[in-house]
Amino acid sequence: MCGIVAAVGTQDILPVLVEGLRRLEYRGYDSAGVALVEAPGVLGRTREVGKVAALEAALASRPLSGRSGIAHTRWATHGAPSQDNAHPHVSGKIAVVHNGIIENHGVLRERLESAGYRFDSQTDTEVIAHLIDKELMAANDLTEAVARAADQLDGAYAMGVIHADDPERMIGMRQGSPLVVGIGEQGHYLGSDPLALLSVTDRFIYLEDGDLVVATHGHCRVHGLASASVREGVPVTGGDAPEAGEARQDSDRVRVERPVVRYEHDDQAIDKGEFPHYMLKEIHEQPLAVANTLEGRLGEDEVLVDALGDAAQALLGATRQIHLVACGTSYHAALVARYWLEELAGVPCQVEVASEYRYRRVVAPEGTLFVTLSQSGETADTLAAMRHALSADAATGESPYLGSLAICNVPGSSLAREATLTLLTHAGPEIGVASTKAFTTQLTALMLLTLAQRQVRGGEAGLTARLVRRLRYLPTVLGDALALDGVTADLVDRFRDREHSLFLGRGAHFPIALEGALKLKEISYIHAEAFAAGELKHGPLALIAEGMPVVAVAPMDGLVGKLASNLQEVRARGGRVLAFADPDTGLASAEGLEVVWVPAVCRFLAPIVYSLPLQFLSYHVAVARGTDVDKPRNLAKSVTVE
Ligand code: G6P
């Protein structure tokens with residue numbers, strides 16, 4: 001998804017901008033660009049289709065330099081990937097980068113065209129640039145002009161703005177799409193996420209919706225919407241005069257103090273190290289990531305409910321029903337949790353993709369806990385579903401929801417900040433677009449939630465204690481499962497030249513089959529479908545033809561006998577089954593069936609362990625097909641638009 005980097009400093013900031021773009025590459029994009037104020041009145045701009053490396057090559061032949069600038073990686077929404085559509089967009093002396101979607105761009109475009117503006121692109125962003133230019137003529141102040149333009153925009157956006165005549169100032173604004181301010185020794189920065197700026201600072205302000213930030217190299221002021229932030233706001237009219245060179249306060253906003261948060265990170269976390277791809281590195285990090293997610297949350301025989309957050313006891317104690325809402329891989333984790341929560345904690349559970357949940361009337365019984373799962377904490381649909389669910393019912397003025405729990409990997413993300421309770425997965429930064437360690441740590445956090453819910457509801461303690469002991473041992477089992485890296489590498493010939501494949505599972509391993517199929521299609525571009533194996537004869541069997549690869553997830557889960565019969569049906573029709581199985585299942589390799597052993601694990605934790613061979617398999621098939629594993633075509637890591 002689009003990425004923003006901007007900087008204002010005491011020295012040439014081009015290297016910071018380019019490094020920031022490189023660090024945002026993982027989000028997925030199709031073009032990149034940069035604009036700097038090279039000298040008072042002079043804007044320099046370079047844009048290229050393709051990778052940041054192409055932009056760097058262009059900059060090497062036509063260098064730019066300046067002490068303020070904005071940069072962008074674009075993931076096409078309005079208009080194809082092209083140089084004209086790439087950001088920054090310029091109007092007069094203004095340059096703008098933007099992430100998000102302006103829903104009323106059509107109306108605004110017509111209005112601006114009638115006012116004499118000529119458009120060079122098909123993007124919604126160019127509307128913002130012209131709008132600011134137009135407002136600047138009326139307001140004669142850049143901050144005021146940005147605020148007035150923003151007031152006319154519908155939709156979700158984050159933006160960065162510079163002006164050729166104002167080389168000392170940069171403006172950022174957030175409404176619905178993420179934007180952080182980096183506070184450095186040599187200047188101030190804007191980034192779509194902190195990772196973009198870790199080479200220059202680890203101190204950040206997480207902007208809130210409606211915030212507008214004005215920064216020079218020495219000062220940084222955040223202005224929040226008066227209605228939303230008056231509690232913490234310091235109205236400028238109260239005597240706090242603007243710094244020299246800083247713009248006047250815009251009429252609807254007040255100065256607000258946002259906390260500066262130090263981003264705890266480990267440099268190795270965002271380095272590929274010895275691995276050829278981030279995805280492979282992140283698969284191998286899972287034993288540690290799961291151990292970190294469990295750290296401090298397990299007692300001798302129980303989950304430490306209070307360690308899940310101050311509000312956890314009260315919230316879980318009052319829970320009568322759970323709605324789990326997420327997108328993509330996170331949705332698959334939620335599907336697994338439904339099996340656990342209903343069987344182990346006896347809590348009725350509903351799971352839905354966020355893009356559906358947010359647009360329908362959901363009947364939530366009293367005592368419903370709304371749970372979101374999100375690696376990034378910024379997925380637009382998930383965030384909107386949470387806001388929609390927790391807003392009071394228009395008719396009654398009340399909400400049936402108890403509150404919200406966000407299971408999230410990014411502290412400080414929008415979801416983490418807005419949820420009633422946040423359970424962080426400590427996976428560390430996940431760079432590969434295809435989610436791996438974020439998924440297994442989500443599952444780990446969901447098992448903690450399940451056991452906490454079981455304890456609070458007075459579930460039998462013996463099974464809880466056994467599962468807690470097995471959870472503690474889980475990182476070791478995952479470590480053993482890493483040996484499947486080499487084994488799966490030898491299996492790629494079954495898939496390399498195929499265009500279709502099926503994945504089968506039963507019970508809690510049906511969602512694992514769904515996730516396996518998603519991984520394969522995301523990065524190898526092989527069409528992959530997953531089915532609950534019992535559904536085969538209701539349609540999917542028609543797809544089985546000679547040599548069709550079929551992957552089965554076969555742990556010792558009480559349903560493996562049924563699954564084995566389903567696999568016979570596939571083999572009888574010429575399908576070639578690859579089964580990842582527990583040695584105790586009795587499955588054995590034979591004509592049309594290859595069995596790969598997975599380390600033994602109890603059935604409740606098997607979904608976590610069986611994720612690894614499926615991740616490895618997709619990875620090796622993708623490498624064999626020569627795709628861009630970490631940045632698959634058309635996909636984005638963090639989907640911050642609808
Ligand atoms: C994108 C990513 C997926 C991810 C999904 C939800 O599609 O490519 O890997 O599962 O978004 O993201 P979230 O950050 O909410 O888990």
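What follows draws every value from the coordinates through simple rules; no lab data is involved. Everything numeric in this text was worked out from a predicted model, so none of it was measured. Here the Cβ is made from the backbone with ideal geometry for all residues, glycine too, and neighbour counts use every protein chain on show.
Above 48 Å lies some portion of the pair distances; for the chain, what is it as a whole percent of all C-alpha pairs? Write out the running numbers ahead of the final one.
Values: 36535 of 205761 pairs.
When every Cα pair of the chain is considered, 18 percent fall beyond 48 Å.
How would you order 217-223, 636-642 from highest to lowest mean count of nearby Cβ atoms within 10 Å? Show your work: numbers first, answer last.
Details: 217-223: 20.1, 636-642: 22.0.
Peptide ranking by packing, descending: 636-642, 217-223.
Sorted by packing (mean other beta-carbon atoms within 10 Å per residue), highest first, where do 95-103, 163-171, 621-629 land? All intermediate terms of the calculation are to be shown ahead of the outcome.
Numbers: 95-103: 26.2, 163-171: 22.1, 621-629: 18.2.
Top of the packing list down: 95-103, 163-171, 621-629.
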> Going by average Cβ neighbours within 10 Å, how do the peptides 596-609, 428-441, 51-64 rank, with the highest at the top?
Replying inline: 428-441, 596-609, 51-64
>> How high is the relative contact order of the chain? Use alpha-carbon pairs under 8 Å, at least six apart in sequence, and give a whole percent.
In response: 12
> With +1 on each Lys and Arg Cβ and -1 on each Asp and Glu Cβ, how big is the dipole of segment 272-481 about its Cα centre, in debye rounded to the nearest 20?
Replying inline: 180
> Along the charge dipole of the chain, which of VAL477, TYR619, PRO599 sits closest to the positive end, that is, farthest toward it, with unit charges on the beta carbon of Lys, Arg, Asp and Glu (+1, +1, -1, -1)?
Replying inline: PRO599
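Calculate, for ALA307 and ASP628, the FRET efficiency according to 1/(1 + (r/R0)^6) with r their C-beta to C-beta distance and R0 41 Å; round to the nearest 0.05. Walk me through the numbers on the way to the answer.
Details: r = 40 Å, r/R0 = 0.97.
With R0 = 41 Å, the Cβ-Cβ based efficiency is 0.55.
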> What base-10 log of the normalised intensity I(q)/I(0) is obtained for segment 251-402 from the Debye formula, alpha carbons as equal point scatterers, at q = 0.09, 0.19 Å⁻¹?
Replying inline: -0.42, -1.33
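Computed over the Cα atoms of segment 3-260, what is the ratio Rg over Rh, Rh following Kirkwood?
On the way: Rg = 16.7 Å, Rh = 17.8 Å.
The Rg/Rh ratio comes out at 0.94.
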>> Only four residue types carry charge here, +1 at the Cβ of Lys and Arg and -1 at the Cβ of Asp and Glu. Report the dipole size of the chain about the Cα centre in Debye, rounded to the nearest 20.
In response: 980
> Quick one: Cα convex hull volume of segment 483-642, Å³ per residue?
Replying inline: 123
> If you take the charge dipole of segment 483-642 about its Cα centre, with +1 on Lys and Arg Cβ and -1 on Asp and Glu Cβ, which of THR640, ALA572, GLY547 is farthest toward its positive end?
Replying inline: THR640
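Please work out the FRET efficiency for the pair ALA600 and THR396, using the Cβ-Cβ distance as r and a Förster radius of 60 Å; give the result to the nearest 0.05. Please report the intermediate quantities before stating the final value.
Details: r = 52 Å, r/R0 = 0.86.
About 0.70, to the nearest 0.05.
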>> With every atom except the alpha carbons ignored, what do you get for Rg and Dmax of segment 414-482, in angstroms?
In response: 14.5, 40
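Taking segment 480-554 on its own, what percent of its Cα-Cα pair distances exceed 20 Å? Please list the in-between numbers first.
Working: 853 of 2775 pairs.
For segment 480-554, the fraction of Cα-Cα distances above 20 Å is 31 percent.
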> Gain in length, GLU113 to GLU264, computed as 0.36 nm per residue apart minus the alpha-carbon separation, to one decimal in nm?
Replying inline: 49.6 nm
>> Counting just the Cα atoms, what span does segment 29-146 cover along each of its three principal axes? Round to the nearest Å and put the largest first.
In response: 38, 33, 21
> Given H placed 1.01 Å from N in the peptide plane, which residues other than close sequence neighbours of MET173 have an amide H under 5 Å from its amide H?
Replying inline: MET159, VAL213
